[in-house]
Amino acid sequence: MASVTLTINGVKVTVPKGTTVLDAAQQAGIFIPTFCHDPELTKYGACRICVVEITGMRNLPASCATDATEGMEVFTESPAVIEARKTILELLLANHPLDCLTCDKNGACRLQDYCFRYGVKETGFEGAKKDHPIDDSNPYILRDANKCILCGRCVRTCAQIEDRSVIDFAYRGFNTKVATAMDLPLADSDCVYCGRCVAVCPVGALMIKPLMGLGRTWEIEKRPVTCTFCESGCTFNLNVKDGKVIGITPLEPGKGRPLCLKGRLALELKYCDDPPTAPMLKKDGQFVPVPWAEALGIKDIINKIVDLK
Ligand code: SF4
Ligand code: SF4
Ligand code: SF4
Ligand code: FES
């Protein structure tokens, strides 16, 4: 395969032709921040936090949407790049509820991490704050559109990985948000609660609800485990705190197969030290507690769990 050699921050990097500047930098171990980019999804190039300086180019291009070319000279942390990133972060903060002290995403939030990295403590931009209602309509996923940075990763994950397209961008300008069809609560949509959108959200706009309030992100160890409930063999993370399994979460796309709610519930029953007494399933449009055997669709639940072990 044809290759190209470029320099990134003075380091020579050779990559296959067609590789983006972002991928070339990552292959060379050089950090570039990203919000909207996801290697499993189509190129998007919307958030612009990944901009770099390239000799001979007037503007700062998005590295995730720019192909590396022969002889290209790239700078990932030049003064102009840092200034641009700070401005993007300040614009995001201008709209963002600064709830870090109590936010369940604290410690695993890209917005927080990048603000720390670039020394952004406050915003110089004043304006209206978003005031979207929090979607608490279902037992599995909490959606807080006020914390959303509109990176679109959840939208593309639902469409391209789950093949469901339950959510999309709605409204315009300042009012733009990620919404279900007709902007209904998630409980009234075709969502199957796979949780993949939650796994890719870089901020605290989407959270796995049963885990909320159970621990800070740095107190919870993630241990991958393969589901044996069906032949697909999806991989989940056991969330372990103080030696106890407190919940099951999906892996990011690319680090495991897609997964289903049934598999997650089966693993909760198998592994969690304190599984829910009855899982919640939707019946006639309402979530209601149901027996485990019904939730998992098997008659002899005891035998199945023995099989799983
Ligand atoms: S989403 Fe991130 S930046 Fe926003 S409140 Fe939560 S931890 Fe803080
Ligand atoms: S949980 Fe799964 S099906 Fe539901 S919106 Fe997220 S990705 Fe789509
Ligand atoms: S909910 Fe999360 S993943 Fe979806 S657009 Fe907002 S910030 Fe991005
Ligand atoms: S990560 Fe490149 S534009 Fe968003």
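The values are calculated or read from the model by the stated rules, or taken from the named source; none is laboratory data. Every value quoted in this text rests on a predicted model; they were computed, and no experiment measured them. As a convention, Cβ positions derive from the backbone with ideal geometry for all residues, glycine included, and neighbour counts pool all protein chains shown.
Below is a table of values for the structure above.
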item: Filter result for Lys86 (in a loop (DSSP other than H, G, I, E, B), free of Cβ contacts under 8 Å to residues at least 40 places away in the same chain and not small (Gly, Ala, Ser)); result: no
item: Complete set of residues in the stretch 143-154 that are outside any loop (DSSP other than H, G, I, E, B) and surrounded by fewer than 21 Cβ atoms within 10 Å (Cβ to Cβ); result: Ala145, Asn146
item: Members of the stretch 99-116 that are more than 15 Å from the chain's Cα centre (by Cα) and more than 6 Å from ligand 1 (Cβ to nearest atom); result: Leu101, Thr102, Tyr114, Cys115, Phe116
item: Among residues of the stretch 158-183, those that are crowded, with 19+ Cβ neighbours inside 10 Å and assigned to a helix (DSSP H, G or I), counted; result: 1
item: Some residue of the stretch 119-128 being modelled with pLDDT of 95 or more and either outside any strand (DSSP E or B) or within 15 Å of ligand 4 (Cβ to nearest atom) (or both); result: yes
item: Contacts under 7 angstrom Cβ, first residue in the stretch 162-183 being in contact (Cβ under 8 Å) with a residue 60 or more places away in the chain, partner assigned to a helix (DSSP H, G or I) and within 13 Å of ligand 3 (Cβ to nearest atom), 6 or more apart; result: Glu162/Arg196
item: Restricting the stretch 184-227 to residues that are in a loop (DSSP other than H, G, I, E, B) and aliphatic (A, V, I, L, M), the residue that is nearest to the chain's Cα centre (by Cα); result: Val203
item: The stretch 38-76, residues that are within 25 Å of the chain's Cα centre (by Cα) and within 17 Å of Gly10 (Cβ to Cβ); result: Val52, Ser63, Thr76
item: Qualifying positions in the stretch 54-80 - surrounded by fewer than 20 Cβ atoms within 10 Å (Cβ to Cβ) and either outside any loop (DSSP other than H, G, I, E, B) or of a type in the set (Gly, Ala, Ser) (or both); result: Gly56, Ala65, Asp67, Gly71, Glu73, Phe75, Ser78, Pro79, Ala80
item: Residues located in the stretch 101-132, provided they are in contact with a Leu (Cβ under 9 Å, 6 or more places away or on another chain) and surrounded by 13 or more Cβ atoms within 10 Å (Cβ to Cβ); result: Asp104, Lys105, Leu111, Tyr114, Cys115, Tyr118, Val120, Thr123
item: Residue check, Thr20 within 30 Å of Glu126 (Cβ to Cβ), of a type in the set (Ser, Thr, Tyr) and either surrounded by fewer than 21 Cβ atoms within 10 Å (Cβ to Cβ) or within 16 Å of ligand 4 (Cβ to nearest atom) (or both); result: no
item: Options Cys197, Cys154; residue that is in contact with a strand residue (DSSP E or B) (Cβ under 7 Å, 6 or more places away or on another chain) and within 16 Å of ligand 4 (Cβ to nearest atom); result: Cys154
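One line per residue, one yes/no per condition, for (1) more than 16 Å from ligand 1 (Cβ to nearest atom); (2) modelled with pLDDT under 95:
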residue	(1), (2)
Ala145	no, no
Leu150	no, no
Ala187	yes, no
Tyr193	yes, yes
Glu219	no, no
Val225	yes, yes
